[in-house]
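What follows is one structure encoded as structure tokens, with my remarks underneath.
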Amino acid sequence: MDLEIAIVAAKDGNVAGLVDAMNNGGGCAALEACPGCRSAKAMPGVENPESVLILVEWDSVEAHAAAKDSEHFKRFHQIAGPFFGGGGSMQHFRAA
């Protein structure tokens, strides 16, 4: 299992909107419907309140790459994309 950790800025500081779009508006559900995705969740930042942490468990980095062409992944971007600000970071970490 590979854990994707993304820290993204919310557009116009709308952290609540991004977290809601992910957790209640179907963003996480769309990711979880992608082949190879085990779970997804979003959390608002504490020390950096303009940031959102998105955690996604994938079967592998390759599964994540393959999922990017799926309709479910496109749906995720339709839901959450309007709330993404510029910048951010993303890395994968492999569970031992």
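The values are calculated or read from the model by the stated rules, or taken from the named source; none is laboratory data. On a predicted model such as this, the values are computed, not experimentally measured, just so you know. Please note: Cβ atoms are built from the backbone with ideal geometry, for glycine as well, and neighbour counts cover all protein chains shown. In case anyone asks, the SASA skips ligands and DNA or RNA and just uses the protein heavy atoms, side chains included. Shrake-Rupley method; radii C 1.70, N 1.55, O 1.52, S 1.80 Å.
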**Request:** Among the residues of region 87-96, write down those that are in a strand (DSSP E or B) and open to solvent by less than 70 Å² (accessible area, probe 1.4 Å).
**Result:** Ser89, His92
**Request:** State all residues of region 65-87 that are aliphatic (A, V, I, L, M) and closer than 20 Å to Val19 by Cβ; if no residue qualifies, say none.
**Result:** Ile79, Ala80
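Among the residues of region 43-77 satisfying the criterion of being of a type in the set (Asp, Glu) and in a helix (DSSP H, G or I), which is nearest to Ile7 (Cα to Cα)?
Among them, the one singled out is Glu62.
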**Fill in**
Checked region 5-28 for anything touching a strand residue (DSSP E or B) at 6+ places or on another chain (Cβ under 8 Å), open to solvent by less than 50 Å² (accessible area, probe 1.4 Å) and more than 18 Å from His92 (Cβ to Cβ); matches are Ala9, Ala10, Val15, Gly17, Leu18, Val19, Met22, Gly27
**Residue under evaluation Leu31, criteria (1) open to solvent by 20 Å² or more (accessible area, probe 1.4 Å); (2) under 10 Å from the mean Cα position of the chain (by Cα), criterion not met** = (1)
**Any chance Met43 is out of contact with any Gly (no Cβ under 9 Å at 6 or more places or on another chain) and touching a residue at least 40 places away in the same chain (Cβ under 8 Å)** = no
**Item:** Failed item, numbered, when Asp2 is tested on (1) touching a Lys or Arg at 6+ places or on another chain (Cβ under 7 Å); (2) open to solvent by 10 Å² or more (accessible area, probe 1.4 Å); (3) closer than 18 Å to Ser89 by Cα
**Value:** (2)
**Message:** When you scan region 32-41, do you find a residue that is modelled with pLDDT of 95 or more and part of a helix (DSSP H, G or I), even just one?
**Reply:** yes
**Request:** Test Glu62 against the stated conditions and say whether it is closer than 19 Å to Phe93 by Cβ, without any contact (Cβ under 8 Å) to a residue 40 or more places away in the chain and open to solvent by 20 Å² or more (accessible area, probe 1.4 Å).
**Result:** yes
**Asked** Can you name the residue in region 77-86 that is under 14 Å from the mean Cα position of the chain (by Cα) and farther than 16 Å from Ala40 by Cβ and is also least open to solvent (accessible area, probe 1.4 Å) among such residues?
**Response** Gly85
**Request:** Please go through region 1-25 and pick out each residue that is part of a loop (DSSP other than H, G, I, E, B) and either of a type in the set (A, V, I, L, M, F, W, C) or under 11 Å from the mean Cα position of the chain (by Cα) (or both).
**Result:** Met1
